[in-house]
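Structure first, then comments.
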Amino acid sequence: MAFFHSITPFFEVMIIAVMINYLLSFFWNTKSMDLVLGFFAFLLILAISSWMNLPVLHKILVLIGNVAAIAIIVIFQPELRMALSKLSLKSRRSREMTEFDKFLDQLATSVYRMSDRRIGALIAMENEDSLEEYAQKAVLVNGEFSTELLETIFADNTPLHDGAVILRDKMILAAAVILPLAEDSSQLAKSMGTRHRAGLGLSHMTDSLVIVVSEETGKVSIAREGIMTRGIKIDRFKGIIRSIFNPPMRVKIPSKFNLLNWLKT
């Protein structure tokens with residue numbers, strides 16, 4: 001018990017440091033930062049008035065602090081709500097899964113909308129094997145994925161529709177990509193053309209997943225590890241992609257302000 005009491009101040013200092021770090025990282029470089037600095041200045045003056053035994057000033061500051069605490073809660077209710085929402089118990093992995101599911105819903109919507117309209121499409125989803133060599137020979141896009149952008153690329157009256165699109169994570173890396181054709185096309189039906197051969201060929205050479213929308217039949221096919229599966233419905237389409245592309249763990253980006261780094265400077 002004595003040992004616990006001896007290390008209690010250390011835990012208190014650590015908890016206070018974490019709280020201050022979070023507070024400063026949230027308000028750093030925002031208009032509210034002046035208020036935070038004013039708050040710390042107020043606490044400093046309050047501590048000085050108590051240490052120097054200035055009872056009148058101390059009493060006035062305590063009364064002002066009681067009123068200011070309520071005023072801050074009322075005035076800055078949206079900012080406080082946002083700050084508390086960041087303390088969600090959901091893990092980063094869970095939040096990334098939510099973002100991935102949103103991306104997958106958009107991708108499926110776009111693919112099956114093109115399927116209904118009989119718009120041919122060829123989409124290569126990069127996995128572990130890099131598709132950079134194919135992207136460098138095509139038209140680099142490096143744009144955030146959206147259904148409008150993807151469907152515009154494959155529209156018949158655009159110069160980029162004749163080729164494949166490479167997706168990297170949730171980004172459209174390149175368009176009008178020329179993919180290698182499969183040498184063995186025995187598993188392809190007669191109604192399958194160059195898009196299907198190209199998708200099958202890339203799946204032989206890399207671990208990417210290739211989505212093919214037939215211009216003739218409107219059927220959606222997926223090529224994976226040298227196997228072409230055709231006539232896939234939207235629910236199975238989502239299930240296949242979700243089983244292969246788990247949301248990747250991102251490298252943690254440092255916040256705008258870090259207390260430890262600030263103290264070192």
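Each value in this text was obtained by applying a stated rule to the coordinates, not by laboratory testing. The structure displayed is predicted, hence computed values, not measured ones. Neighbour counts are summed over all protein chains in view; Cβ atoms, including those assigned to glycine, are modelled from backbone coordinates with ideal geometry.
At-a-glance table
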read-out: Footprinting exposure proxy for Val210, Val74 (fewest neighbouring C-beta atoms within 10 Å first); value: Val74, Val210
read-out: Neighbourhood charge, 15 Å Cβ-Cβ cut-off, centred on Ala155 and excluding it, Lys, Arg +1 and Asp, Glu -1; value: -3
read-out: Length gained when the stretch Asn127-Leu149 is fully extended (0.36 nm per residue, less Cα-Cα span); value: 5.8 nm
read-out: Sorted peptide list for 220-227, 12-19, 99-106, criterion being average Cβ within 10 angstrom, highest first; value: 220-227, 99-106, 12-19
read-out: Three-way shape call for region 92-244 based on the alpha-carbon gyration tensor, with the a/c threshold at 1.5; value: rounded
read-out: Calculated FRET value between Ser6 and Ser243, using beta carbons and R₀ = 41 Å, to 0.05; value: 0.20
read-out: Total formal charge among the other residues, if their Cβ is under 15 angstrom from that of Ser203, Lys/Arg +1 and Asp/Glu -1; value: -3
